[in-house]
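K.L.:
Can you read through this structure? Questions will come right after.
Read-outs: derived from the displayed coordinates by stated rules, not from any lab. Note that this is a predicted model, so its numbers are computed, not measured. In this analysis, Cβ positions are derived from the backbone assuming ideal geometry, glycine residues included, and neighbour counts consider all displayed protein chains.
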Amino acid sequence: MGRVALVTGGSRGIGEAISKKLLADGYTVAATYAGNDEAAAKFTEATGIKTYKWNVADYESSKAGIAQVEADLGPIEVVVANAGITRDAPFHKMTPEQWHEVIDTNLTGVFNTVHPIWPGMRERKFGRVIVISSINGQKGQFAQVNYAATKSGDLGIVKSLAQEGARAGITANAVCPGYIGTEMVMAIPEKVRDSIVAGIPAGRLGEPEEIARCVAFLASDESGFINGSTISANGAQFVV
Ligand code: NDP
């Protein structure tokens, strides 16, 4: 049995591609989902990935879920904090509810996911923490004050965790995808999406598998000296 990897939001979209890639690379994979799309979770489970349902925005649920994964599969050595949502609105129309929902899921959700796993990684002197941030956390985005705040926050989390974990053999890195052809992006009105694609020098949306390959590299033993870094995979849309 390979190392145990946990992928939050691993039942569909980018997370599903990450789960499948890690499974193909020999990891034992647990994927979580929120419960909005049971069919996608069943489909993922059928591929040999064990699926678990909990809300990453809730600390106690995350802690209990993680304890269950470790009881079922063994200690989690790779954690991919991928679950995320958008609740877009121009700032003057953004409601406190839209703000809090995104902060709770995308930012506090990363704390809730990594915090219960961290002590075990420190004890075992090995760990890989990978957070899926976003191009919009790097550059900001119209109507995404809430989302961009969380995705910038993710970068602060990994840079800080990297410094705390380095001596304990733990790395923490982020991947910043550009626009990837998942349900999140396909939900954007077609006209807006076309204008987004027109602004990508590569001339296309990215594919979930292209993000999954970045994650697989950061999870591997070969990436041990890469710590506190960000891989931008965005077709040259935003060059840092
Ligand atoms: P999808 O909407 O396709 O999938 C989201 C996944 O996260 C689902 O498995 C969903 O479960 C799960 N999820 C959502 N909220 C919660 C929650 N509160 N608790 C537990 N699980 C939850 O998203 P994408 O694949 O498009 O995005 C994945 C990540 O990549 C996100 O963090 C996103 O911000 C980031 N990203 C995406 C980009 C893109 O172009 N798509 C670009 C840059 C970054 P369920 O099926 O039950 O809803």
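K.L.:
Which ones in the range 1-25 are in a loop (DSSP other than H, G, I, E, B), more than 9 Å from the ligand (Cβ to nearest atom), closer than 14 Å to residue 76 by Cα and not basic (Lys, Arg)?
P.N.:
The answer is 1, 2.
K.L.:
Looking for whichever is within 11 Å of the ligand (Cβ to nearest atom), out of contact with any Asp or Glu (no Cβ under 6 Å at 6 or more places or on another chain), closer than 24 Å to residue 176 by Cβ and assigned to a strand (DSSP E or B) here; the options are 83, 31. Which one fits?
P.N.:
31
K.L.:
Follow-up. Might you let me know whether the range 209-231 holds any residue that is assigned to a helix (DSSP H, G or I), within 16 Å of the ligand (Cβ to nearest atom), more than 17 Å from residue 88 (Cα to Cα) and free of Cβ contacts under 8 Å to residues at least 40 places away in the same chain?
P.N.:
Yes, the range 209-231 has at least one match.
K.L.:
Please state which of the following conditions residue 228 fails to meet, knowing it meets all the rest: (1) at positive phi; (2) of a type outside the set (D, E, K, R); (3) buried (at least 18 other Cβ atoms within 10 Å of the Cβ).
P.N.:
It fails just one condition, (3).
K.L.:
If you go through the range 89-143 one residue at a time, how many are among the β-branched types (Val, Ile, Thr), outside any helix (DSSP H, G or I) and over 21 Å from residue 167 (Cβ atoms)?
P.N.:
Result for the range 89-143: 2.
K.L.:
Report, by residue number, each residue of the range 107-137 that is within 10 Å of the ligand (Cβ to nearest atom) and either closer than 21 Å to residue 219 by Cα or in contact with a Cys (Cβ under 6 Å, 6 or more places away or on another chain) (or both).
P.N.:
Passing the criteria: 109, 110, 112, 113, 131, 132, 133, 134, 135.
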